[in-house]
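Participant: Next up is a structure, given as structure tokens.
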Amino acid sequence: MTSARRATAVTPERAALLYGAVLAAFAVLVSDPEAGLRLFRGIFIQDGDEIIRAWYGRCSWDNPAIIPFSHLSMPGWTGLLALGEGVARLTGLPLTLLGRWTTAAFATVALHAAASLARRVAPQNAERAAWLAVLLLGASPGFFLLSLTVYPEVALLALILLGTRLLLDGHPLRAMLAFGPMPLIRWEGALVLIPVVLYILWSGTPWRARLKGLAILVAPYALYLAAVAIRWGNPWTPLAWRTTKAMGAWRLWNPEVPSELLSAAANSLFTLYSPGVWLLGLVAAASAVGASRHAATRAILIPALAFFGLTALLFSVQHDFMVWPLRVFVVPAGLAAVLIAARFGPALQSVAGVAVALSVGMTASAIADVKLPAPGRSVDHLGFHATIGWADAEDALTWTLNQPPESGWVLINHMNANLLRADTTCRLWDKDLWIGGPQLALSRRFEPTFGLPPGPGLVVFHTLAFKTDHCVEAARFPSGQTVMRCPAGGGDSSAATEAPVR
């Protein structure tokens, strides 16, 4: 092959860039809520938690307390969303678009780093390994779908792969700059710091260099924990809210998960991420740990141990009715795909390819079978959050904002996706806004109240209204919003029961 032909050849790294361009184009389409529902039937995209994350990013400019104290995303990711949504707000671009482009950029980094990492670890079969890393990861349904969302999991995967590649390329301090922000992107990124620390201690470099690397690595997370401890008195307070019954009920080996839901969630998990990938990933990770005794490939220990640790952790964290947060499994599944490409020969790589192809077919079939929600209504997917059918909620927003000051606070929940889409300039923060539910809600400064806030106020529900003592229905809108008016003293949240919207 001549040098000119080599210069124009399609390489795995160039394929990663092309994949990123395709994601960027899709991101434009799915930023429109109706188009997003039609394309992927609400799987990950257009769910309630996704919309409120983007809205938090947009409104961080009006309420800076969102960035360090958001109960949904870690501050690093909320800060990135704030940058993107700030640009979108100035230019009139739709909610979520800049966040989706941010995720697509991280997906491109992940694929590019995966190719380089596999090439470096498998020098005798470098080109094949690099192509397999791009193909196995890029074809994963979970990776593709999540690369079009505003969720941070793909960014965490990208940082793990990028940091490992930088170590293999002989750039340890740059690698620490990639690894350090991981816990500020996703809370479980703190777990991945453990194998990085082990690598540093085992690196054989002078102790001065090791201490410098450790300082760069832990500084971002240490500063965050210190700030939270100063603000709340306990660095783990925001995480503790997510494990309360009222706010989330994510618990280790949750005893309240019904067996039938556990079975259905496992089916959803293995539809998006083939069990063949998990099983081969276990063997590949074990092989990588064994190979880490060689100095040239020692950094492969980091994704291998991260795969083991995250797999064990994520299977053990369960929710009463969502069972698992299926989107977070993209990180260990993505690590498994890269380890398979880097550590296995053609036979097992082919088995992994078949497993991913089956997962693609099963996911396409599952998406085709989804029943879309009616406008202003929602549909639940086991293991996902609820998908919200788009409806113009300007009527509910205008009514709520026009209530007199003596009406008091406004409480909304995560199901208010259409209300948040309508609130393009974050006017809801002009009210005494609380976010959560009748049992636990957070104020503008993310201070919790257990029960309704003090004084009179309005509870704005989407699709399901909770009958709460002393609160009466004040308005109901075609967009699916129901408003309850609560007098001074609020209601007894312990008496709240679900009542379907008529």
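Participant: Quick one: dipole size for the chain, taken about the Cα centre, charges +1 on Lys/Arg Cβ and -1 on Asp/Glu Cβ, in debye to the nearest 20. Display every interim value, and only then the final one.
Facilitator: Details: 37 positive and 29 negative charges, 394 e Å.
With Lys and Arg at +1 and Asp and Glu at -1, about 1900 debye.
Participant: Can you return the aspartates and glutamates within cross-link range of K245? Criterion is Cα-Cα under 15 Å, with same-chain partners fewer than 8 residues away left out.
Facilitator: K245 reaches E256, D320.
Participant: Just from the alpha-carbon atoms, what are the Rg and Dmax of segment 300-343 in angstroms?
Facilitator: Answer for segment 300-343, Rg first and Dmax second: 11.6, 38 Å.
Participant: Ratio of alpha-carbon Rg to the 2.2 N^0.38 Å globular estimate for segment 233-316, to two decimals, please. Spell out each step's value before the answer.
Facilitator: Values: Rg = 17.3 Å, N = 84, 2.2 N^0.38 = 11.8 Å.
My calculation over the Cα atoms of segment 233-316 gives 1.46.
Participant: Please say if segment 91-209 is rounded, prolate or oblate, where rounded means a/c under 1.5 for a ≥ b ≥ c the square roots of the C-alpha gyration tensor eigenvalues, and otherwise the choice is prolate for a/b larger than b/c and oblate otherwise?
Facilitator: On the way: a/c = 2.41, a/b = 1.35, b/c = 1.79.
Cα axes put segment 91-209 in the oblate bin.
Participant: Oh, and also: Within the P(r) computed for the chain, what percentage of the Cα pairs occupies the region above 46 Å?
Facilitator: On the way: 15947 of 125751 pairs.
When all Cα pairs of the chain are counted, 13 percent exceed 46 Å.
Participant: With the cut-off at 19 Å, report for segment 323-375 the share of all Cα pairs above it, as a whole percent. Don't skip to the answer; put the middle values down first.
Facilitator: Values: 641 of 1378 pairs.
Considering segment 323-375, 47 percent of its Cα-Cα pairs are separated by more than 19 Å.
Participant: So for the chain, averaging the separation of alpha carbon pairs under 8 Å that are six or more residues apart and normalising by length, what relative contact order in percent results?
Facilitator: Values: 945 pairs, mean separation 78.4, N = 502.
The normalised contact order for the chain reaches 16 percent.
Participant: Right, here's the next one. With point charges of +1 on the Cβ of Lys and Arg and -1 on the Cβ of Asp and Glu, referenced to the Cα centre of the chain, which listed residue (V28, A226, S263) lies farthest in the positive direction of the dipole?
Facilitator: About the Cα centre, the residue reaching furthest to the positive side is A226.
Participant: Now, a different point. How large is log10 I(q)/I(0) at q = 0.11 Å⁻¹ when the Debye formula is applied to the Cα atoms of segment 285-361, each weighted equally and without solvent?
Facilitator: -0.35
Participant: If we sort 424-432, 328-336, 58-66 on the protection proxy, mean other Cβ atoms within 10 Å, highest first, what's the order? Don't jump to the answer; show the numbers that get you there.
Facilitator: On the way: 424-432: 16.3, 328-336: 27.9, 58-66: 19.1.
Going from most to least packed, we get 328-336, 58-66, 424-432.
Participant: Shifting gears a bit: Of the options L348, A158, S359, report the single residue whose Cα projects farthest towards the positive end of the charge dipole of the chain (beta-carbon charges: Lys, Arg +1; Asp, Glu -1).
Facilitator: L348
Participant: Rounded to whole Hz and in sequence order, give me ³J(HN,Hα) for segment 128-135 from the Karplus expression 6.51 cos²θ - 1.76 cosθ + 1.60, θ = phi - 60°, writing x for Gly and Pro.
Facilitator: 5, 4, 5, 5, 5, 4, 5, 5
Participant: Now for a different question. What ranking do 250-258, 353-361 get when scored by the average of other Cβ atoms within 10 Å per residue, highest first? Show your work: numbers first, answer last.
Facilitator: Details: 250-258: 13.0, 353-361: 17.0.
Descending packing order for the listed peptides: 353-361, 250-258.
Participant: For the charge dipole of the chain, defined by +1 on Lys and Arg C-beta atoms and -1 on Asp and Glu C-beta atoms about the Cα centroid, which residue among A396, C426, A82 has the Cα displaced farthest towards the positive pole?
Facilitator: Positive-end residue among those listed: A82.
Participant: Okay, next question. Helix-only estimate, please: 222 nm mean residue ellipticity of the chain, summing -39500 (n - 2.57) across DSSP H runs of length 4 or more and dividing by its residues, to the nearest 500.
Facilitator: On the way: 22 runs with 284 residues, N = 502.
Mean residue ellipticity at 222 nm (helix-derived): -18000 deg cm²/dmol.
Participant: Name the residues whose placed amide hydrogens come within less than 5 Å of the amide hydrogen of A475, ignoring near sequence neighbours (fewer than 5 apart) on the same chain.
Facilitator: Answer set, sorted by chain and number: V483.
We did not get these values from a lab; they are worked out from the coordinates using the rules stated. All values derive from a computational prediction rather than experimental measurement. FYI the Cβ positions are ideal-geometry reconstructions off the backbone, even for glycines, and counts take in every protein chain you see.
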